[in-house]
Each structure stands twice: as structure tokens, then as C-alpha cells.
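The next block holds one structure in the form of C-alpha cells; read it before the comments.
Just so it is clear, none of the values below were taken in a lab; they were calculated from the coordinates. Note that the coordinates shown come from a computational prediction; the quantities given were computed from them, not determined experimentally. Cβ sites come from the backbone with ideal geometry, for glycine too, and all protein chains shown count toward neighbours.
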Amino acid sequence: MMKTVIKTEGAPNPIGPYNQAILTNNTLYISGQIAIDPATGKLISGDARDQTIRVMKNLEAILIAAGLDFLNVVKSSIMVTNLDHFAQVNEAYGSFFKSDPPARETLQASKLPLNSEVEISMIAVK
């Protein structure tokens, strides 16, 4: 198995022992991203919608670093700390997919890293 680490300055550095993404056999596995601004290394302030937009920008930077885009995404996993904010998250997330959005699930988590409201991971295929 060939495994390539994907790393970009356009997304935040990992806050633990993991990589931003791993590419293997034309499949990209992107680690869960939270609303960290890569320029500051800090969690952004804002509501669930604002945080989702930041998360999606982080994911987009990783996709681009791997030579892909949102059209290549086949699966997303969304975790939120409050499903009452689902409409905000859904609207912001959906705005990044112009057509044929991927399969996904959305789960409520009691707590996310750095007290983020939203975390999203993705799988994309070349």
C-alpha cells in the first residue's frame, strides 16, 4: 500500500498525532476539521454557520493540495454540539456543493476539540 501525507498551509496544523489527510489508492481521507483559522491557529468566534464556513474552507484547502475539489467528495461526516443549529450548518455546508453532494451523516457530539461547535471529515476519490 502506498500512503501519501497531504499537508497544506491553507488548513490548520493538526492539534494531535494525526495528519490533515492521507491519500492512498486514489482515495483521500481527510481528518476532521474544526473552525481554526490557519493564519492565526485559533478557533474563530462566531455561530455554527460561521464555524461551518471556516471548516469547509479548511477542507477545500486540503482537497486542493491533493489536486481535488468538492466534486470528488463521496462521503462527509458532520459532528455538531447542538442539533438545534442543524439548519445553519446545513445551509453553510450545502453552499459549497454546486451539484451532486456526497453521502453523509450528521451526529450530535457532547463536546468537540477546543469547544468547536462543528467538526467535519471527508472522503474523496480521484
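From the list (i) 0.98; (ii) 1.12; (iii) 1.06, can you say which value of Cα Rg over 2.2 N^0.38 Å was derived from the structure given?
It is the one labelled (i).
Could you name the aspartates and glutamates whose alpha carbon sits less than 16 Å from that of K126, not counting residues in the same chain fewer than 8 places away?
Straight-distance partners of K126: E60, D69, D100.
So who's got an amide H within less than 5 Å of the one on R104, skipping anything under 5 residues away but keeping other chains? H placed 1.01 Å off N, in plane.
It is S76, by chain and number.
Of all DSSP beta bridges in the chain, what percent run antiparallel (nearest 5)?
Antiparallel bridges: around 80 percent, rounded to the nearest 5.
Using the basic label-point model (7 angstrom from Cα toward the beta carbon), what is the T8 to I22 distance in nanometres?
That separation, rounded to one decimal, is 2.0 nm.
With springs only between Cα atoms under 10 Å apart, run a GNM on the chain and tell me which of Q88, Q51, Q20 wobbles the most.
Q88
In the Gaussian network model of the chain, springs joining C-alpha atoms below 10 Å, which of D50, D100, D37 carries the largest mean-square fluctuation?
Residue with maximal mean-square fluctuation among D50, D100, D37: D100.
Check S116: other-chain or 5+ apart residues with amide H under 5 Å from its amide H, H built from backbone geometry?
Hits under the 5 Å cutoff: none.
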